[in-house]
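As structure tokens, the structure follows; a few thoughts come after it.
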């Protein structure tokens, strides 16, 4: 099995209609190129998991691909609201979506529990908060030692997780550095893992022994997509394109403008376009 | 508060009779110098926590300092049994000790839960094993989502944890690298943290952003003790002194020889002796 | 220096509350500005933590997002997000958590989730992010907010994060062991909870602010302390530090290409 | 090559069972030798994991302990021990776990904890270490052991780790989803569990070994497969690889100062 495949093939072979999927990245390393490929391929009825659904989930929701979103903060980071997601929730446009809402702590620990092969995460959370009243997935257990009631959430077990990373080795091992977010956990919690990378290097020899690495045998497909996180950033490669995040607020505010933008910049584009988008960043 | 103090002061100010204490290190970075200082100061009635109590706990038990040992593997790594610990368990010499026995998985996750501020660790473990029959601390919860029965253990919350590390910054931040074991978790789970280090450097600037670091404000005292892990090793500084581990088997086999060895090499020695012991390793 | 905006006063008043010993869980916006002004003036050793995993960070410019590269590049270390929430927040290592609010009540309960009914919202807001556990895990909570009757309300639509609940010992009754909101700094005043009822009480008015101005922009009937202070105006150093920081930030964030 | 010891045969027979696709959780001793012989001969891409946190390691010499520096220096990456047990072992990522035994019964149940009563032991052994969860979390378990009536017993004194329990579907009845012991390689023979009863059955005798020799060194009544193979003798490559590895190991570990 050759792990290194074009992005279109990686998405086609690993993402199916109806899948539970996580495209993860915590501000840093957001897999925009992979998300755009999924949009081009027109996948439907997806359950989208992400701590911070930002532009890419706004785009997928706006394109009508999502039936459910599992999340903890639905904002355009540092800018404002997600307008396509709001339109879906408030006006069922272009379709209604189900939302399953958590706190960051719950989402992070649900990924962690998924990576650890457990059916649930146990944590101290949600005390006095209203989310447990509207999210029946939030339950509790009683500590057999202290009697304390602790919150539980089901662990995340995506059918497939997409992430973007700095480097793959020739064998397909993946190196992530900088703000590493929940990507390792989101990958290890999933049945299938697809990674886009900036570049391939022969091996990771000489690097520090304790870096964040996914061994090749935990990864199903690797696609080399320079710039593949744009307008998010890749530590050591290019900076965040803040102007594009600001611009999204206006694009997403209008249904027609959104549709036109998606047609031009996603539907009629290819993964190669990302390398050019990060020139000069 | 000056964090940098002589080892004798660090031990005197942070370890009390009757304390629950962890001297952690997973083969690598075992805090021998700190343990010897505790022996010289004659602390009593300690509850000793460690995944792999090896020579240092054999020495403390042989000196009659421990009332209880919480552990998962009581061996001289790669050599054999711990003869002083056996003598205490089998013959109550020099005193009887209580043992609380776990698996590695349980111990590691109990430290992790302690670091996470939780009263318990929840994991899939002990299925079909006899330890739950002899260790009443092993309990279970039922997953509210799947109905699976999962094992629980109380989290570790030592009064004080001692570890050895490569470097402190001038401010007292601690860098651990190589086989990092459970030291970060054991430190963060404890009320007080004492670290011996090989050396002090001005800062950690220019190092990789994702290294294993304890910020200075999580650490109570730092003592500079070059060679302080001997006969364990410090990655990047000196190798493991395997001959000494082999030799311990014979020393510890005989009560008189043990007592004489301890008098000469521990009671009459000082922390400065460690630097010389690692010459040429 | 005599000329300053209410938002500048709010940010600087918040900065003054921070010390070298504090470990702050910093959100984007006014809290981030306040924490960094404190770091650049009287509290150089303060530890700033952003939920993206950056510990002990010292950004030259304010981040636009919680995970900007600058935060990582200037941090002592950067940990995974699950570790951040498990070992550092839930582990009880943060002394001060900052929260903002779309809606706030007099007991420091906060809504950033929805306006209207949760299932059929008038406005769907971003949601809580880290707030539900920040509110209960940090040693104490500082709230910053621009006053408006729309946001300072008698009754919030959704408890995104718990403050003092119905007041009194409500936190303790829920088994919460941290202090909760101990400070509310608005663009007009500094508020602290009454020791018993836990209702926010105005203790200090910013320069030029009247009691009426505070009441007119607040949706509940405001209590004022018996002895009411005037918040010291920003010093030259404070104001220059804040404005320099914001100028550097504006310059840095105007970069980037326009097309995507 | 005609001259080899029973232990060499045991180690090499175990090595042969491993493939490039395997992810092995390696213990010290015979398993470590077997895994590295496999890596140095027919399975160069095998992934070896030691519980100290070293993933994808390729040591030049065999480690004396589970956490020797050599393991870290040659590993793809080294993770914290809690992560090792949570994400990698409990996470179900290990295909083969190796276990040794102080006492073993015919169903692959293992004791390394105590001889005699737990609370008043005749001999206090080191204990289970990782074994309780290795036995249930790895895809399957290979056991290596030198035969002796003292160690291959009718009834073990303590279930340190669970094999097939009382046999049959006992694992499934406990909710364990992994295969458990699928192979027992001793210095005399290769054993596999009966598909139904799960009792270990001898399938292959090492060269020069008789049925009587197997029975005399085993504390339970041995079952032999209907068609009994002879284990192919070590090849020159296998034996030289093992002996070179052990010679390098002996040279490396004789270093170190004598005084402590």
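Where residues in the stretch D:172-204 are more than 21 Å from residue D:147 (Cα to Cα) and in contact (Cβ under 8 Å) with a residue 24 or more places away in the chain, which of them is surrounded by the fewest Cβ atoms within 10 Å (Cβ to Cβ)?
Initially, the stretch D:172-204 is screened for residues more than 21 Å from residue D:147 (Cα to Cα), giving D:172-179, D:195-197.
This time we only want the ones that are in contact (Cβ under 8 Å) with a residue 24 or more places away in the chain, so: D:176, D:178-179, D:196-197.
Working: D:176: 19, D:178: 17, D:179: 13, D:196: 9, D:197: 15.
Across the stretch D:172-204, the extreme among qualifying residues is D:196.
Filter the stretch D:124-149 for residues that are in a loop (DSSP other than H, G, I, E, B) and either free of Cβ contacts under 8 Å to residues at least 24 places away in the same chain or under 28 Å from residue A:117 (Cβ atoms) (or both) and give the result. First the steps, then the outcome.
Going residue by residue through the stretch D:124-149, those that are in a loop (DSSP other than H, G, I, E, B) are D:125-130, D:138-139, D:146-149.
Once the filter is applied, which keeps residues that are in a loop (DSSP other than H, G, I, E, B) and either free of Cβ contacts under 8 Å to residues at least 24 places away in the same chain or under 28 Å from residue A:117 (Cβ atoms) (or both), the stretch D:124-149 yields D:125, D:126, D:127, D:128, D:129, D:130, D:138, D:139.
The conditions are (1) surrounded by fewer than 24 Cβ atoms within 10 Å (Cβ to Cβ); (2) under 23 Å from residue D:69 (Cα atoms), and residue D:48 fails exactly one of them. Which is it?
The single condition residue D:48 does not satisfy is (1).
Residue by residue, here is whether (1) at pLDDT 95 or above; (2) closer than 24 Å to residue A:198 by Cα holds:
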residue	(1), (2)
A:34	yes, yes
A:50	yes, yes
A:75	no, no
A:83	yes, no
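Which of the residues spanning the stretch A:87-116 are in a loop (DSSP other than H, G, I, E, B) and more than 14 Å from chain D (Cβ to nearest Cβ)? First the steps, then the outcome.
Taking the stretch A:87-116 first, the residues in a loop (DSSP other than H, G, I, E, B) are A:92-97, A:102-103, A:116.
Once the filter is applied, which keeps residues that are in a loop (DSSP other than H, G, I, E, B) and more than 14 Å from chain D (Cβ to nearest Cβ), the stretch A:87-116 yields A:92, A:93, A:94, A:95, A:96, A:97, A:102, A:103.
Here is a list of conditions, (1) closer than 30 Å to residue B:29 by Cα; (2) crowded, with 21+ Cβ neighbours inside 10 Å; (3) in contact with a helix residue (DSSP H, G or I) (Cβ under 6 Å, 6 or more places away or on another chain), and residue D:40 meets all of them except one; can you say which number that is?
Just one mismatch for residue D:40, condition (2).
Yes/no matrix, rows are residues, columns are (1) modelled with pLDDT of 95 or more; (2) under 28 Å from residue C:205 (Cα atoms):
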| position | (1), (2) |
| --- | --- |
| C:100 | no, yes |
| C:108 | yes, yes |
| C:112 | yes, yes |
| C:158 | yes, no |
| C:162 | yes, yes |
| C:174 | yes, no |
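Out of curiosity, is residue D:94 closer than 19 Å to residue D:51 by Cα and either more than 8 Å from chain B (Cβ to nearest Cβ) or part of a loop (DSSP other than H, G, I, E, B) (or both)?
Numbers: closer than 19 Å to residue D:51 by Cα: yes; either more than 8 Å from chain B (Cβ to nearest Cβ) or part of a loop (DSSP other than H, G, I, E, B) (or both): yes.
Yes; evaluated as a whole, the condition is true for this residue.
Please determine, by comparing only the residues of the stretch A:254-264 that are in contact (Cβ under 8 Å) with a residue 60 or more places away in the chain and within 14 Å of chain C (Cβ to nearest Cβ), which one is nearest to residue A:197 (Cα to Cα).
A:262
Give the residue, chosen from C:56, C:67, that is free of Cβ contacts under 8 Å to residues at least 24 places away in the same chain and either away from every other protein chain (no Cβ under 13 Å) or surrounded by fewer than 23 Cβ atoms within 10 Å (Cβ to Cβ) (or both). Reasoning before the result, please.
Details: C:67 fails: either away from every other protein chain (no Cβ under 13 Å) or surrounded by fewer than 23 Cβ atoms within 10 Å (Cβ to Cβ) (or both).
Result of the check over C:56, C:67: C:56.
Quick one: residue A:48 ticks every box in (1) touching a strand residue (DSSP E or B) at 6+ places or on another chain (Cβ under 6 Å); (2) assigned to a helix (DSSP H, G or I); (3) more than 29 Å from residue B:151 (Cα to Cα) except a single one, so which number is it?
So the condition that residue A:48 fails would be (2).
For the stretch B:143-246, list the strands (runs of 3 or more DSSP E) that sit wholly inside it and hold at least 2 residues that are touching a strand residue (DSSP E or B) at 6+ places or on another chain (Cβ under 7 Å) and at the interface with chain D (Cβ under 10 Å from one of its Cβ atoms); which are they?
By residue number, B:149-154.
Determine if the stretch B:124-134 includes at least one residue that is at positive phi and in contact with a strand residue (DSSP E or B) (Cβ under 6 Å, 6 or more places away or on another chain).
yes
I'm trying to understand the selection: among the residues of the stretch D:158-176, which are more than 18 Å from the chain's Cα centre (by Cα) and either assigned to a strand (DSSP E or B) or under 16 Å from residue D:135 (Cα atoms) (or both)? Don't jump to the end; show me each part of the working.
Within the stretch D:158-176, the subset more than 18 Å from the chain's Cα centre (by Cα) is D:158, D:165-176.
Selection gives D:158, D:165, D:166, D:167, D:169, D:170, D:171, D:172, D:173, D:174, D:175, D:176.
Under 15 Å from the mean Cα position of the chain (by Cα) and either outside any strand (DSSP E or B) or at pLDDT 95 or above (or both): does that describe residue C:85?
Numbers: under 15 Å from the mean Cα position of the chain (by Cα): no; either outside any strand (DSSP E or B) or at pLDDT 95 or above (or both): yes.
The answer is no for residue C:85.
Check residue D:141 against each of (1) within 12 Å of chain B (Cβ to nearest Cβ); (2) farther than 16 Å from residue B:102 by Cβ; (3) in contact with a strand residue (DSSP E or B) (Cβ under 6 Å, 6 or more places away or on another chain) and name the one condition it does not meet.
(1)
Condition test on residue B:132, is it surrounded by fewer than 23 Cβ atoms within 10 Å (Cβ to Cβ), within 28 Å of residue D:171 (Cβ to Cβ) and more than 12 Å from chain D (Cβ to nearest Cβ)? First the steps, then the outcome.
Working: surrounded by fewer than 23 Cβ atoms within 10 Å (Cβ to Cβ): yes; within 28 Å of residue D:171 (Cβ to Cβ): yes; more than 12 Å from chain D (Cβ to nearest Cβ): no.
Answer is no for this residue.
Is it the case that the stretch B:5-22 has a residue that's assigned to a strand (DSSP E or B), in contact with a strand residue (DSSP E or B) (Cβ under 6 Å, 6 or more places away or on another chain) and buried (at least 24 other Cβ atoms within 10 Å of the Cβ)?
Here is the first cut: in the stretch B:5-22, the residues assigned to a strand (DSSP E or B) are B:20-22.
If we keep only those that are in contact with a strand residue (DSSP E or B) (Cβ under 6 Å, 6 or more places away or on another chain) too, we end up with B:20-22.
Subset that is buried (at least 24 other Cβ atoms within 10 Å of the Cβ): B:21-22.
Yes, some residue in the stretch B:5-22 is assigned to a strand (DSSP E or B), in contact with a strand residue (DSSP E or B) (Cβ under 6 Å, 6 or more places away or on another chain) and buried (at least 24 other Cβ atoms within 10 Å of the Cβ).
Can you name the number of the only condition in (1) closer than 30 Å to residue A:64 by Cα; (2) not in a helix (DSSP H, G or I) that residue A:122 fails?
Against the list (1) closer than 30 Å to residue A:64 by Cα; (2) not in a helix (DSSP H, G or I), residue A:122 comes up short only on (1).
Can you report the number of residues in the stretch B:142-177 which are over 14 Å from the mean Cα position of the chain (by Cα) and within 23 Å of residue B:221 (Cβ to Cβ)? Steps first, answer last, please.
Initial filter on the stretch B:142-177 (over 14 Å from the mean Cα position of the chain (by Cα)): B:142-155, B:166-177.
Next cut, within 23 Å of residue B:221 (Cβ to Cβ) only: B:166-177.
Summing the residues that are over 14 Å from the mean Cα position of the chain (by Cα) and within 23 Å of residue B:221 (Cβ to Cβ) in the stretch B:142-177 gives 12.
Of the numbered conditions (1) surrounded by 23 or more Cβ atoms within 10 Å (Cβ to Cβ); (2) more than 30 Å from residue C:214 (Cα to Cα); (3) more than 7 Å from every other protein chain (Cβ to nearest Cβ); (4) under 19 Å from the mean Cα position of the chain (by Cα), residue C:61 fails exactly one; give the number of that condition.
Unmet condition: (1).
Among (1) in contact with a helix residue (DSSP H, G or I) (Cβ under 8 Å, 6 or more places away or on another chain); (2) farther than 19 Å from residue D:31 by Cα, where does residue D:238 come up short?
Among (1) in contact with a helix residue (DSSP H, G or I) (Cβ under 8 Å, 6 or more places away or on another chain); (2) farther than 19 Å from residue D:31 by Cα, residue D:238 violates only (2).
So, in the stretch C:1-21, how many residues would count as being surrounded by fewer than 21 Cβ atoms within 10 Å (Cβ to Cβ) and closer than 22 Å to residue C:91 by Cα?
3
I'd like the residue in the stretch D:110-134 that is surrounded by 23 or more Cβ atoms within 10 Å (Cβ to Cβ) and more than 8 Å from chain B (Cβ to nearest Cβ) and, out of all such residues, is farthest from residue D:167 (Cα to Cα).
So, considering only residues that are surrounded by 23 or more Cβ atoms within 10 Å (Cβ to Cβ) and more than 8 Å from chain B (Cβ to nearest Cβ), the one farthest from residue D:167 (Cα to Cα) is D:114.
The values are calculated or read from the model by the stated rules, or taken from the named source; none is laboratory data. Because the structure is a prediction, the values reported are computed rather than measured. So basically every Cβ, Gly included, is an ideal-geometry build from the backbone, and we count neighbours across all protein chains shown.
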